[in-house]
1. Could you give me the residue pairs with C-beta distances under 8 Å whose first residue belongs to segment 50-73 and is within 21 Å of Pro37 (Cβ to Cβ), whose second residue is part of a loop (DSSP other than H, G, I, E, B) and among the acidic types (Asp, Glu) wherever it lies, and which are 6+ apart or on separate chains?
2. How many residues are of a type in the set (Phe, Trp, Tyr) and not in a strand (DSSP E or B) if we restrict to segment 68-105?
3. I need a count of the residues in segment 25-58 that are surrounded by fewer than 17 Cβ atoms within 10 Å (Cβ to Cβ), in contact with a strand residue (DSSP E or B) (Cβ under 6 Å, 6 or more places away or on another chain) and not small (Gly, Ala, Ser).
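Derivation of every value follows stated rules applied to the coordinates shown; laboratory data play no part. Note that the coordinates shown come from a computational prediction; the quantities given were computed from them, not determined experimentally. So basically every Cβ, Gly included, is an ideal-geometry build from the backbone, and we count neighbours across all protein chains shown.
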Amino acid sequence: MRFFTLLELKEQALRIQKRYKIQLLSAIKGRARLSSPYWKGNDLLLNDLSNYLETIDEIKSVHTTPLIGTITIQYLIPKEFPLDRILEIEKAVDAIHRKRGVLNE
């Protein structure tokens, strides 16, 4: 099993942020608040994302605010996180966005 280096993880995060127009509004150890114009007013998309994210063992809680398009995630990520797992999560998040009419390219 291959693990991400810190640099690879940062590069992957930047790619995901660009694709989904995600902004990191705030972050402290174990908690991040994100926003995207795709999420604003999109209750169904946020509900789907929340339901999926809550199935990830490393994510402890998810709170969404559709009115302003934010997701707040509390998490505990181990130092070594498998590349396969990151790619699996990205694929699922992409499928959820496409299901709700976002990212149809």
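1. Within 8 Å, the pairs are Val62/Glu54.
2. 1
3. Number satisfying all stated conditions: 5.
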